[in-house]
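Structure record follows, encoded as structure tokens.
The values are calculated or read from the model by the stated rules, or taken from the named source; none is laboratory data. Everything numeric here is computed off the predicted structure, so don't read it as measured data. Here Cβ is always computed from backbone atoms with ideal geometry, including for glycine, and neighbour counts include all displayed protein chains. Surface areas here come from the heavy atoms of the whole protein model, side chains and all, with no ligands, DNA or RNA. Shrake-Rupley method; radii C 1.70, N 1.55, O 1.52, S 1.80 Å.
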Amino acid sequence: MRNRILIVLGVTLVIGLALYFAGVKMTKADLAISAAAEPIFCLGGELEGEHCASGFPVTNSLIMTVLVDIVLLVTAWLATANMQLIPRGIQNVMEFMVEAFYNFSQSVDRKNVAKFFPICASIFFFVLYSNYLALIPGVGSIGVCHEEAHAAEGEAAPAEGAAAEAHVAPSAVFSGLPGYCENGKVIPALRAPSSDLNVTLAWALVAVFMVEFFGFQALGLNYLTKFFNFKEGAMGFIVGLLELISEFVRIIAFSFRLFGNIFAGEVVLGVMAFLFPYLLPLPFYGLEVFVAFMQAFIFSVLTLVFMSLATISHTGHD
């Protein structure tokens, strides 16, 4: 096994050095990373440039979200289609993951775990799948070639030397391949759902709404006494208002924490690939594997904890 690993690393090193010194050059334009998801096509409209002039924009993150949902459904079907008393294969893996997360949820709130577990597990597995599938080579890099717009009428065209300096001609190693994007930039056909603020904000709204729902379900209108406390004087009233503000701040914290970590990971991998392709990104790629799991775990566990706290009465100590 050790020899095989050394052989793989050696071949990777040789190929990386060969491609790097073959003349593959990148410019700052190649590092352009959009913080917003790019539309691939428009339903009921036309795509003008990088925006939909009309209709509903179908973005690369939306397409990836649908694929993640399909993979989740297929995984659930494969794990439960032929269930056995002694689990094997994918059934064994899924039972291990579900049971481990369920046992952890019991340690947080054993009384309400049956109510909280479905939404928390849904968040965990969706974010986990979306983060890991986004690390597959080709996601975020293979896509549609978008030709750059010509200079506006009356605008002076750049000098030949300036144009050559702005964009260095790539090596013939790649320029001769089919589908090569010569004059423009590639809009990825697939993008990590968690790197789209719309997706993370949607999950944040769902999580916070369910927190408030379970709070009212458990305490009724007494749940409002956490935020509007008139029985403990001015200090109690101020603390209640701070609690109310924190409920809305959770939406921002949920959405931007997940978005920021996953989007930053894409940027880091892009920068490392710019500095030294094929070799330097490897340790950072491994780091992103860990971050992908931790962000899914943190999002779901925080949702579980907030749900548990919402069901505790303001005067309760049990």
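Summary table
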quantity	calculated
Selected residue (criterion: nearest to residue 189 (Cα to Cα)) from residues of the stretch 51-68 that are open to solvent by less than 60 Å² (accessible area, probe 1.4 Å) and not β-branched (Val, Ile, Thr)	60
Meets criteria (farther than 19 Å from residue 191 by Cβ and open to solvent by 60 Å² or more (accessible area, probe 1.4 Å)) for residue 279	no
Qualifying residues in the stretch 184-229 (those that are of a type in the set (A, V, I, L, M) and in contact with a His (Cβ under 8 Å, 6 or more places away or on another chain)) - the one surrounded by the most Cβ atoms within 10 Å (Cβ to Cβ)	187
Odd one out for residue 306, checked against (1) among the hydrophobic types (A, V, I, L, M, F, W, C); (2) over 30 Å from residue 139 (Cβ atoms); (3) open to solvent by 70 Å² or more (accessible area, probe 1.4 Å)	(3)
Matching residues in the stretch 69-110 - criterion: being assigned to a helix (DSSP H, G or I) and open to solvent by 90 Å² or more (accessible area, probe 1.4 Å)	73, 77, 96, 99
One residue from 267, 291, 208, 186 being in contact with a helix residue (DSSP H, G or I) (Cβ under 8 Å, 6 or more places away or on another chain), among the β-branched types (Val, Ile, Thr) and closer than 26 Å to residue 137 by Cα	291
Any hit, the stretch 221-230, residues being of a type in the set (A, V, I, L, M) and in contact (Cβ under 8 Å) with a residue 12 or more places away in the chain	no
